[in-house]
Amino acid sequence: MTTTSVLSRQRCFDGWQEVREHRSAVLDCTMRFGVYLPPQASERPCPVLYWLSGLTCTEQNFITKAGAQRYAAEHGVILVAPDTSPRGAAVPDDPAYDLGQGAGFYVNATQAPWSSHYCMFDYIVDELPQVVESSVSSSGRRGIFGHSMGGHGALVIALRRPDRYASVSAFSPIVAPSEVPWGQKALTAYLGADRVAWRAWDACEQVRLATARLPLRVDQGDADEFLQTQLQPERLEAACRAAGYPLDLRRHAGYDHSYYFIASFIGEHIAWHAAAMS
Ligand SMILES: N[C@@H](CCC(=O)N[C@@H](CSC=O)C(=O)NCC(=O)O)C(=O)O
């Protein structure tokens with residue numbers, strides 16, 4: 001039985017924005033997550049939409065910058081925003097922003113020293129939903145979305161576990177971590193140098209193996225500073241086309257990689273997930 005404490009609770013669009021903390025058995029550390037409870041959650045079961053943030057983020061970035069609560073209240077969706085890695089003094093870290101704490105990449109690490117704590121895939125797929133959904137009025141319907149590293153996480157998680165989700169979407173995702181510097185660095189550290197082990201964590205590879213077809217949407221700004229070096233959405237487009245996996249990829253002129261882009265389209269994503277989760 002996990003004990004979860006409420007660290008903060010604010011009224012927001014007639015619902016509640018909370019930050020909760022619990023001891024994670026999977027990650028072997030204390031973890032925080034944001035949970036937004038829309039007004040409907042006090043009257044009836046609501047679907048739960050999980051947001052995965054990108055490099056350098058905590059549970060705070062999404063809840064303070066995306067402006068998502070207005071739309072979650074409108075559509076009766078519970079929003080959950082976890083941290084991006086295990087945390088704490090006992091958890092291995094790296095001085096670089098793109099490895100270690102704040103950069104868990106949503107994989108289950110197999111290599112020392114990371115494997116003792118960095119099991120973000122299992123945390124997001126299994127432990128966190130158990131913790132959250134046993135304490136809120138959940139309809140049992142779930143969606144997942146994310147940004148950049150978190151977009152990669154959302155895609156891989158939904159492609160590998162379509163039984164768990166009704167829909168998946170991403171803002172500016174890393175779609176082929178095996179082929180770009182952020183991903184190659186993280187996968188080498190967490191999984192080792194053998195690229196065969198990387199396939200399970202690469203959305204383009206997983207599209208090729210997918211048997212189920214979830215509603216899949218990606219939004220990408222064309223002024224994104226990481227577009228050519230780290231993101232390369234054309235790789236996902238090609239993989240989906242080859243696999244016959246329907247993809248709704250929308251490109252937006254002038255938008256960069258920031259939360260200003262996310263805030264501009266978050267309402268569309270939440271409405272889209274709400275329809276799929278109903
Ligand atoms: N060069 C930056 C890189 C960090 C960054 O841009 N982080 C993004 C996600 S990038 C991919 O996962 C982000 O969401 N930042 C938080 C925010 O609130 O904008 C650096 O050195 O920090």
Task: segment 118-189 shape via C-alpha gyration tensor axes, a/c threshold 1.5 - done: prolate
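Indicate the gyration tensor shape class of segment 66-209 (rounded, prolate or oblate), computed on the Cα atoms with a ≥ b ≥ c the square roots of the eigenvalues: a/c under 1.5 is rounded; otherwise a/b larger than b/c is prolate and the rest oblate. Spell out each step's value before the answer.
Values: a/c = 1.82, a/b = 1.47, b/c = 1.24.
Cα axes put segment 66-209 in the prolate bin.
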- [ ] Quick one: pull the percent of accessible area on segment 161-240 belonging to carbon and sulfur, 1.4 Å probe, ligands and nucleic acids left out.
- [x] 51 percent
Task: J(HN,Hα) series, segment 172-188, from Karplus relation 6.51 cos²θ - 1.76 cosθ + 1.60, nearest Hz, glycine and proline x - done: 6, x, 6, 9, 9, x, 5, 10, 10, x, 4, x, 4, 5, 5, 5, 4
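Give the shape of segment 146-238 as rounded, prolate or oblate, defined through the alpha-carbon gyration tensor: a ≥ b ≥ c are the square roots of its eigenvalues, a/c under 1.5 means rounded, and otherwise the shape is prolate if a/b is larger than b/c and oblate if not.
In terms of gyration-tensor shape, oblate.
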Task: Per residue convex hull volume, Cα atoms of segment 25-109, in Å³ - done: 108 Å³
Open item on the list: Just to be sure I understand the curve: with the Debye formula and one point per C-alpha of the chain, what is log10 I(q)/I(0) at q = 0.17 Å⁻¹?
Closed with: -1.43
Task: Helix-only mean residue ellipticity at 222 nm for the chain, each DSSP H run of n ≥ 4 adding -39500 (n - 2.57), per residue, nearest 500 - done: -8500 deg cm²/dmol
Task: Relative contact order of the chain, defined on C-alpha pairs under 8 angstrom at six or more residues apart (%) - done: 17 percent
TODO: Round to the nearest 0.05 the FRET efficiency obtained for Gln130 and Ala197 when R0 = 35 Å and r is the Cβ-Cβ distance.
DONE: 0.80
- [ ] Would you please give the residues with an amide H less than 5 Å from that of Ser139, counting only those at least 5 places away or on a separate chain, with H modeled from the backbone geometry?
- [x] Cys46, Val48
Task: Considering only the chain, percent of DSSP beta bridges that pair antiparallel, nearest 5 - done: 50 percent
Open item on the list: Please list 3J(HN,Hα) in residue order for segment 4-16, calculated via the Karplus relation 6.51 cos²θ - 1.76 cosθ + 1.60 where θ = phi - 60°; whole Hz, with x for glycine and proline.
Closed with: 10, 10, 8, 8, 8, 8, 10, 5, 7, 6, 6, x, 9
TODO: In vacuum, with every alpha carbon of segment 183-223 counted as one equal point scatterer, what does the Debye formula give for log10 I(q)/I(0) at q = 0.20, 0.27 Å⁻¹? Two decimals, please.
DONE: -0.76, -0.90
Task: Residue-normalised accessible area of the chain, given per residue in Å² at a 1.4 Å probe - done: 39 Å²
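With an 8 Å cut-off on Cα pairs and a minimum separation of 6 or more residues, tell me the relative contact order of segment 1-134 in percent.
23 percent
The values are calculated or read from the model by the stated rules, or taken from the named source; none is laboratory data. Remember, predicted model here, so these are calculated numbers, not experimental data. Counting neighbours? That spans all protein chains shown, and the Cβs are built from the backbone with ideal geometry, glycine included. We work out accessible area using only protein heavy atoms, side chains counted, and drop any ligands, DNA or RNA first. Shrake-Rupley method; radii C 1.70, N 1.55, O 1.52, S 1.80 Å.
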